[in-house]
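Report on the following structure.
The values are calculated or read from the model by the stated rules, or taken from the named source; none is laboratory data. Quantities reported herein were computed from a predicted structural model and do not represent experimental measurements. Neighbour counts are summed over all protein chains in view; Cβ atoms, including those assigned to glycine, are modelled from backbone coordinates with ideal geometry.
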Amino acid sequence: MRDIIMELLKLTIMIVAMLITRYVIPWLKAKTENDTMSVLIDWAMQAVLAAEQAHQAQSGAERKAIVTRFIKQLLEQKNLALSDEEIDVMIEAAVKQMNAVKEIGATAKNE
């Protein structure tokens, strides 16, 4: 009887370990990655706004280079990796969002 209980206990522990490996760990990893990406998108937006304010005399390409360098430094400090294409997409999205907000503000002033 004691051996049966021990075998059932082992089986239960193995099933729980399998469920944790199959469902909990991927869920935690996805949640962490999503939170990290949200923070990076926020940083990109702030960097674009800062470059727009601080480097108005420079061309858009020069400001983009400044923001790209900043984001790459931030990623390096945080031990994160994104491709140049992913960084470019984040910057372009931030610029588009900034321009949309400006356009809404200009439309509201005209009304």
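Structure notes:
Results for (1) at pLDDT 85 or above; (2) assigned to a loop (DSSP other than H, G, I, E, B); (3) touching a strand residue (DSSP E or B) at 6+ places or on another chain (Cβ under 7 Å); (4) within 14 Å of Phe70 (Cβ to Cβ), shown as yes or no for each residue.
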residue: Met6; (1), (2), (3), (4): yes, no, no, no
residue: Tyr23; (1), (2), (3), (4): no, no, no, no
residue: Pro26; (1), (2), (3), (4): no, no, no, no
residue: Thr32; (1), (2), (3), (4): no, no, no, no
residue: Ala44; (1), (2), (3), (4): yes, no, no, yes
residue: Val48; (1), (2), (3), (4): yes, no, no, yes
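- Just one of the numbered conditions (1) in a helix (DSSP H, G or I); (2) surrounded by fewer than 14 Cβ atoms within 10 Å (Cβ to Cβ); (3) not hydroxyl-bearing (Ser, Thr, Tyr) is not true of Ile71: (2).
- Sole exception among (1) exposed (fewer than 11 other Cβ atoms within 10 Å of the Cβ); (2) part of a helix (DSSP H, G or I); (3) small (Gly, Ala, Ser) for Ala81, by number: (2)
- Considering region 62-83, the residues that are small (Gly, Ala, Ser) and under 13 Å from the mean Cα position of the chain (by Cα) include one that is modelled with the lowest pLDDT, namely Ala81.
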